[in-house]
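No value in this document is a laboratory result; all are computed from the given coordinates. All figures in this text were calculated on a predicted structure; none of them were measured in a lab. Neighbour counts are summed over all protein chains in view; Cβ atoms, including those assigned to glycine, are modelled from backbone coordinates with ideal geometry.
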Amino acid sequence: MSSFLVSFLWFLLFFGGAIYLAYQRIELLTSTVATGVAVLAYSIYTFAGNGWWPWMLLSWVALAVMVVPNLIDIRREKITKPLFDIYRKMLPSMSNTEREALEAGNVWWDGELFSGMPQWDRLMSFPAPKLSDEEQAFLDGPCEELCEMLDDWEICHELADMPREVWDYIIENRFFAMIIPKQYGGLEFSAYANAMVIAKLASRSPTASSTVGVPNSLGPAELLLHYGTDEQKNHYLPGLAAGTEIPCFALTSPEAGSDAASLIDSGVICKGKWGGKNIVGIRLNWNKRYITLAPVATVIGLAFKLYDPDHLIGDKEEYGITAALIPSDTPGVTIGRRHYPLTIAFLNGPTTGEDVFVPLDFIIGGQEMAGKGWKMLVELLSVGRAITLPSTGAGGGQAASYATGAYARIRKQFNTSIANFEGVGEALSRIAGRTYIMNAAVSVTAGAIDQGEKPAVPSAILKYHCTELSRKVANDTMDVHGGKAISMGPKNYVGRGFMAAPIAITVEGANILTRSLIIYGQGAIRCHPFVLPEMQAAGDEDTDRGLIDFDGALFGHIGYAISNTARSFFLAMTHAKFSRVPLNTPTRRYYQNINRYSAAFALASDFAMLTLGGALKKREMLSARLGDVLSSMYLASMVLKHFEDQGRRATDLPLVEWSVRTLMYEAQEALHAFLRNFPNRWVASFLRIFIFPRGRTYTAPSDELGRKVVELVTRSGEARERLSQQAYTTLEPHNPLGQLQEALELSEKYAPMERRLRQAQKEGLIQADAFGGQIDAAKRAGVIGKTEAVELHDYHDKVTALLAVDDFAPEELGRRAASGEAVAPRSVAGESPRSNTKKKTGKKAVPRKKTARKKAARKKK
Ligand SMILES: Cc1cc2nc3c(=O)[nH]c(=O)nc-3n(C[C@H](O)[C@H](O)[C@H](O)COP(=O)(O)OP(=O)(O)OC[C@H]3O[C@@H](n4cnc5c(N)ncnc54)[C@H](O)[C@@H]3O)c2cc1C
C-alpha cells in the first residue's frame, strides 16, 4: 500500500473519530486524550518513515486547539473574558415584561428537541394520561347529558344564547368548577379530564365549549388558586364553584390587543369611602372589550396599571400591571352589552368602569402583589394555553372526522359514494390525520401537565397548531359536505363549527403573533441549553461570578454547536438509520427522523442567533419558520407517544404514519425555506451542506397511505371510534353524529343488497332512477324479499333525512322581514310563500323530549 493511501486511511480514521466523538458528545477531556493517543500513534508511524509529514503537523495543530480549552484558567482569562466584555455590551436590554414572559413555566420535551439529541426515555417514561373513575363518570353522565340538551341552531340562531335550563344544568353540575379544589366545592379535575370535557362539548356546540372553557382557564378562579390570599380564596372560590359567582377576565382594551401590556386602564391609589369608612384604596377607570362572560359576570378579574402618585403605600409612583377582582355591582361598573362573535352565541362583550373605588385588598394576592399582574398572567397562560383552545380544536376535529367519514360514504354521486373519489379522499385523509395530531398533542401534553410540567413553549405550539389544524379541518369538512354545509339551519351540523374556527385563532394570543413571536422567539432563548445561562451570566451584577458562569456556558455552547454540526451531517448522510431509538417498533424510523431534524434545527438555530443576534426577533418570517420546525418535531413526538399510550394499536398505524410523515415533511420544507431566505448566503450554503447534504429526501405521505386513512375513517371500526373517542356520538334523534354512524353501519350492512339492485338494473330486471323506486321494482321483480325491501326503505329514509337541508320562509330569517318590512321586490321574491305555503320552520322533524326521559333511552353506540 502506498504511503499516501495509508495516510489517507489515517485521515479517515481521524475524521471519523472526530465525528464519532462529537456525535456522541463525549466530554472535552476524554476527547482530547483520545485525539492525543491517535496523534501520537500517527507521529511514531511518520517518524518510522511511513507517514506523511503534512498530515502529522496538521494533526498536532488540531490537538493543540483541543488542549487549550482544557486549561480552564487560561481559557477563561484569554478567550472568555474578552468575549464576555463584548457580550455584556451587546446584550439588548430586556424589559420586565419580556423577562417575565421568558421565565414563565418550565422547559420540557421542547428542551430535548432543542438539544439536537433528544433523550426519548424522558418522554416515554411519562405514564399514559388516564381519567379517574369520578372524571370518567362525569364525562359519561353530566357531560353526555349536557351534550344531549344542546341544540346549536336554537342557541345560535333563535336565542343567541343558551336556554335557561342549559345554564342551570351547567351551573348545578359544576361545569364551571373543574379546576377548583374539592375543599371549595369544586370538581378538582386533572388537566387531562378538563381537556376531555371541553373536547366533548366542542364536538357538539362551540357556544357551550367556550362558555365552559373560560371559567376553567385563565380567570378569577385560576388566579386566586395560584396567587390569592386565603381570605380571597375563601370568599370567592365556593361561590365560583357553586355558580353563584360568574367570572370573567378583562385584559384586552381597544388600545391594547396583542400588545396587551400596553394597556392604559388605570388604578390610582387614593383615599376614599368604602363601607362607610375612610380607607386607602384604588380608583379604577377602564374600557375593555371582547371580554367573554362579561355580559353576565358577577366578578371581573381586571388587569390595569397601578399608580401611587401620593406615595400612600410606598416609594414607587408606578407599580405596573396589576390584577384585581371587582364585583360587577360596584358603583361605576358597566356590563351587559354584547359583541356577536361570528354568530357563535357565547356571551362576550365590553365592560367599562368609571371612577370605581375599591379597597387595596381587592388586588389578587393583596397589596404585595401590586405590579405583579403581568407575571401572573404569563405564568398561567404558559400552561392554560395547552388546554382549553387545543382541546376545543381536537373536539371539533373529532366531530368533523366522524361526520365527514360517514357522510362521504352515504352521499353518492356518479353512482358511487363520494368517498371513492380520490379528490374527496385526499380531503378526508387530511381531516382524519390532522384530528389525530390534535388528539395526540392535547392528550400527551395535558398528561405532562398533570405530572407537574409547566411547558410554556409547547403550550404556545398547541395553541397555534391545534387552532390552525382545526380551521383546516373545518375547511375540508365544508368542502366534502358541499351545499349541505353551506345551507344554514338545524340540519347543518358543519357550518357553525366552520364559523367558530377563527375565534380560537384570535384569542389568547392571536395566531400570527403566536407563530411569529412567541413559539420560536420565546423558545429559542428558553429551551436552548446555553443561551439563557449565557444571558443570565452576562447580566450578573457580580462580574467575577458572571465570568465563571459565562465561561462554562460558552464552552458548553461551542461543544454543543460542534456536536450538532457532526450529528446533522452524519444523520442526514445516513438517513438517520443508525441513530438510537427508544423502541424497536414499526414507528422506529420516525423517531430517527426526529433525531435528525432535531440536530439540524439546533444547528440552524445557533447560526441564526450567532449571525442575526437580536435582529432575529424582527425577522419574523425566519424565526417563524424555525418555530415551525420545532412545532413539527414536537407534534410528531406527541403522535408517537400517543400511539404508545393507546396501546400501540396496529389499526391506527396509517394515521400515525400519515401524521408524522406530514409533520416531518413540513419540517423539512420549513428548514429549506429558512435556508433559502437566510440573508447571509455564505452561512446558508455552509448550513445546507450539513443539513441537506443529499438534498431534500423526505417525502410527504403517499397516495397509498392516504387511501388507508380514508378506509379507516369511512368504515365503521375501532380505529374510527378511537379517533373520535371524546366526540358526542350517541344515537339519539337530535344528534347527527349518532345518526350518521347508524347510516354508515346500515350502508355497510346493505351493501350486498345494493349491489344486487345495481346488477338487476344492469340486466334490465328493474327500471327506476331513484333509489326508492328501485327498491319497489326490485321487490316486484323478486330480486329482494319483502322484509329486505322494508329495511332498505328505512335505510333510504334515514340517508335522505341526513342529506336534506333546511329552507325557510323569509320572515323566519330576517328580523326586519319578520316585522313585515319588505326586503326583496316582489318580482325577485316571486309570489310570497307566506300566503300559500304551509309554514316550514326548518325545525327538526322529531319533537324534542325532556332530557331526563331521553337519558333513560340513551344508547351509546
Ligand atoms: C371572541 C373573543 C373572545 C375574547 N375573550 C377575551 C377575554 O375573555 N378576555 C380578554 O382580555 N380578551 C379577550 N379577547 C381578546 C383577544 O385575546 C384579543 O382579540 C387578541 O389578543 C388580539 O387582539 P386584537 O383583536 O386587538 O388584534 P390586534 O392586536 O389588532 O392584532 C391584529 C393582527 O396583528 C397580528 N400581530 C400583532 N402584533 C404582531 C406581532 N408583533 N407580530 C406578528 N403579528 C402581530 C395579530 O396576530 C393579529 O393577527 C377575546 C377576543 C375575541 C375575539
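Please work out, to two decimal places, the log10 of the ratio I(q)/I(0) at q = 0.11, 0.12, 0.13, 0.21 Å⁻¹ from a Debye calculation in which every Cα of region 280-411 carries one identical scatterer.
-0.54, -0.61, -0.68, -1.26
D151's amide H: which non-local residues (gap 5+, or another chain) put their own amide H closer than 5 Å, with H modeled 1.01 Å from N in plane and none for Pro or chain starts?
Under 5 Å from the amide H of D151: no residue qualifies.
Can you give the charge dipole size of the chain about its Cα centre, rounded to the nearest 20 debye, using +1 on the beta carbon of Lys and Arg and -1 on the beta carbon of Asp and Glu?
On the way: 96 positive and 91 negative charges, 548 e Å.
Charge dipole, the chain, about its Cα centre: 2640 debye, nearest 20.
Consider just the alpha-carbon atoms of region 70-204 and return their Rg together with their Dmax, both in angstrom.
Cα radius of gyration and Dmax of region 70-204 are 25.6, 78 Å respectively.
Work through the residues other than G353 whose Cβ is under 15 Å from its Cβ and net out their charges, Lys, Arg +1 and Asp, Glu -1.
Working: positive: R283, K288, R289, K305, R337; negative: D265, D329, E354, D355.
Combined, the nearby Lys, Arg, Asp and Glu give +1.
Could you give each residue of region 309-321 its phi-based ³J(HN,Hα) in whole Hz, using Karplus coefficients 6.51, -1.76, 1.60 with θ = phi - 60°, and x for Gly or Pro?
Going residue by residue, I get x, 9, 6, 7, 10, x, 7, 6, 9, 10, 9, x, 5 Hz, with x marking Gly and Pro.
Can you tell me what percent of all Cα-Cα pairs in region 515-609 are more than 19 Å apart? Spell out each step's value before the answer.
Working: 2378 of 4465 pairs.
Percent of Cα pairs beyond 19 Å in region 515-609: 53.
Let me know the Kirkwood hydrodynamic radius for region 189-246, please, with Cα pairs as the basis and the value in Å to one decimal.
Taking the inverse mean of 1/r over all distinct Cα pairs, region 189-246 comes out at 12.3 Å.
Largest first and in whole Å, what are the equivalent-ellipsoid semi-axes of region 516-569 based on the Cα gyration tensor, each being the root of 5 times an eigenvalue?
Details: eigenvalues 101, 63, 5 Å².
Equivalent ellipsoid of region 516-569: 22, 18, 5 Å, largest first.
Show the residues, 5+ positions off or on another chain, whose built amide H is closer than 5 Å to the amide H of N348.
Under 5 Å from the amide H of N348: L293, H339.
If the cut-off is 16 Å between C-alpha atoms, which aspartates and glutamates fall inside it for K618, apart from same-chain ones fewer than 8 positions away?
E98, D259
First measure r as the distance between the Cβ atoms of I689 and D259, then evaluate 1/(1 + (r/R0)^6) with R0 = 56 Å and state the FRET efficiency to the nearest 0.05. Don't jump to the answer; show the numbers that get you there.
Values: r = 40 Å, r/R0 = 0.72.
That gives a FRET efficiency of 0.90.
Which three lengths, in whole Å and largest first, does region 643-749 cover when its Cα atoms are put on their principal axes?
Principal axes ranked by extent give 65, 27, 27 Å for the Cα atoms.
If you stretched the chain out fully between R88 and R75, how much longer would it get, using 0.36 nm times the residue separation minus the C-alpha to C-alpha distance? It would help to have the intermediate numbers written out before the result.
Numbers: separation 13, 0.36 × 13 = 4.68 nm, distance 1.81 nm.
Stretched out fully, the R88 to R75 stretch lengthens by 2.9 nm.
Please work out the Kirkwood hydrodynamic radius for region 363-476, using every pair of different C-alpha atoms, and report it in angstroms with one decimal place.
Working: mean 1/r = 0.0626 Å⁻¹.
So the Kirkwood estimate lands at 16.0 Å.
Per 5 Å bin, what is the whole-percent P(r) computed from every C-alpha pair distance within region 558-603?
Cα pair-distance distribution for region 558-603, in percent: 5, 27, 30, 20, 12, 5, 1, 0.
For the chain, what proportion of DSSP beta bridges, expressed in % and rounded to the nearest 5, is antiparallel?
Details: 33 of 41 bridges.
Bridges in the chain are about 80 percent antiparallel.
Could you quote the convex hull projected area for region 693-795, Cα atoms only and averaged over all directions, in nm²?
On the way: hull surface 43.7 nm².
Approximately 10.9 nm², given one-decimal rounding.
Based on alpha-carbon atoms only, what is the radius of gyration of region 620-688 relative to the globular estimate 2.2 N^0.38 Å? Kindly include the intermediate steps, with their values, before the conclusion.
Working: Rg = 15.3 Å, N = 69, 2.2 N^0.38 = 11.0 Å.
My calculation over the Cα atoms of region 620-688 gives 1.39.
Hey, fewest Cβ within 10 Å first, where do M573, M664 land in order?
M573, M664
Could you state, as a whole-number percent, how many of the C-alpha pairs of region 337-429 are farther apart than 22 Å? Present the calculation step by step, with values, prior to reporting the outcome.
On the way: 2747 of 4278 pairs.
When all Cα pairs of region 337-429 are counted, 64 percent exceed 22 Å.
Between D807 and T787, what length comes free when the chain is fully extended (0.36 nm per residue of separation minus the Cα-Cα distance, one decimal in nm)? Display every interim value, and only then the final one.
Details: separation 20, 0.36 × 20 = 7.20 nm, distance 3.39 nm.
Taking 0.36 nm per residue and subtracting the Cα distance, the gain is 3.8 nm.
At 0.36 nm per residue, minus the direct Cα-Cα distance, what do L513 and L610 gain on full extension? Give it in nm, one decimal, please.
Full extension from L513 to L610 adds 32.6 nm.
Take A673 and L5, extend 7 Å from each Cα along the Cα→Cβ direction, and tell me the distance between the two endpoints in nm.
Taking the simple label geometry, A673 and L5 are separated by 5.1 nm.
Tell me the Kirkwood hydrodynamic radius of region 1-120 in angstroms, computed as one over the mean inverse distance between distinct C-alpha pairs.
On the way: mean 1/r = 0.0550 Å⁻¹.
Every distinct Cα pair counted, the radius reaches 18.2 Å.
Which distance in Å, rounded to a whole number, links the C-alpha centroids of region 394-472 and region 693-731?
Using only Cα atoms, the two centres lie 9 Å from each other.
Under the rule of at least 5 residues apart or a separate chain, name every residue whose amide H is placed under 5 Å from the amide H of A250.
The list, which skips near neighbours in sequence, is G301, L302, A303.
Evaluate region 10-66: find the radius of gyration of its Cα atoms, find its Kirkwood radius, and give the ratio Rg to Rh. Working shown, then result.
Working: Rg = 11.2 Å, Rh = 11.5 Å.
Radius of gyration over Kirkwood radius for region 10-66 works out to 0.98.
Starting from 0 in steps of 10 Å, tell me what percent of the Cα-Cα pairs of the chain lands in each bin.
Histogramming the chain at 10 Å steps yields 2, 11, 18, 21, 18, 13, 8, 5, 2, 1, 0, 0 percent.
How far is helix 543-573 tilted, in degrees, relative to the longest principal axis of the Cα atoms in the chain, given as a value from 0 to 90 rounded to the nearest 10?
70
If N is the number of residues in region 413-557, what value comes out of its Cα radius of gyration divided by 2.2 N^0.38 Å?
Numbers: Rg = 22.7 Å, N = 145, 2.2 N^0.38 = 14.6 Å.
It is 1.56.
Regarding region 578-709, what are the three Cα extents along the principal axes, ordered largest first, in Å?
Principal-axis extents of the Cα atoms in region 578-709, largest first: 47, 28, 27 Å.
If you plug each phi of region 121-138 into the Karplus form 6.51 cos²θ - 1.76 cosθ + 1.60 with θ = phi - 60°, what whole-Hz ³J(HN,Hα) values come out, in order, with x for Gly and Pro?
Values, residue by residue: 4, 4, 6, 5, 6, 6, x, 5, x, 9, 8, 6, 4, 5, 5, 4, 5, 5 Hz.
Net charge within 14 Å of R694 by Cβ-Cβ distance, Lys/Arg positive one each and Asp/Glu negative one each, not counting R694 itself? Each step should come with its number before you reach the end.
Numbers: positive: K577, R596, R688, R696; negative: none.
Every neighbour counted, the sum reads +4.
Any chance you could give the angle, 0 to 90 degrees and rounded to 10, that helix 3-23 forms with the longest Cα principal axis of the chain?
Once rounded, the angle reads 50 degrees.
Taking θ = phi - 60°, what integer Hz values does the Karplus form 6.51 cos²θ - 1.76 cosθ + 1.60 yield along region 685-690, in sequence order, with x for Gly and Pro?
After applying 6.51 cos²θ - 1.76 cosθ + 1.60, I find 5, 4, 4, 4, 4, 8 Hz.
Normalised by the number of residues in the chain, what is the relative contact order in percent for Cα pairs under 8 Å and 6+ residues apart? Don't skip to the answer; put the middle values down first.
Values: 1410 pairs, mean separation 121.9, N = 861.
Reported relative contact order: 14 percent.
What is the projected area of the convex hull of the Cα atoms of region 399-447, averaged over all directions, in nm²? Walk me through the numbers on the way to the answer.
Numbers: hull surface 13.2 nm².
The number I arrive at for region 399-447 is 3.3 nm².
Output the 0 to 90 degree angle, nearest 10, between the alpha-carbon long axis of helix 703-714 and the longest principal axis computed from the alpha carbons of the chain.
Once rounded, one gets 40 degrees.
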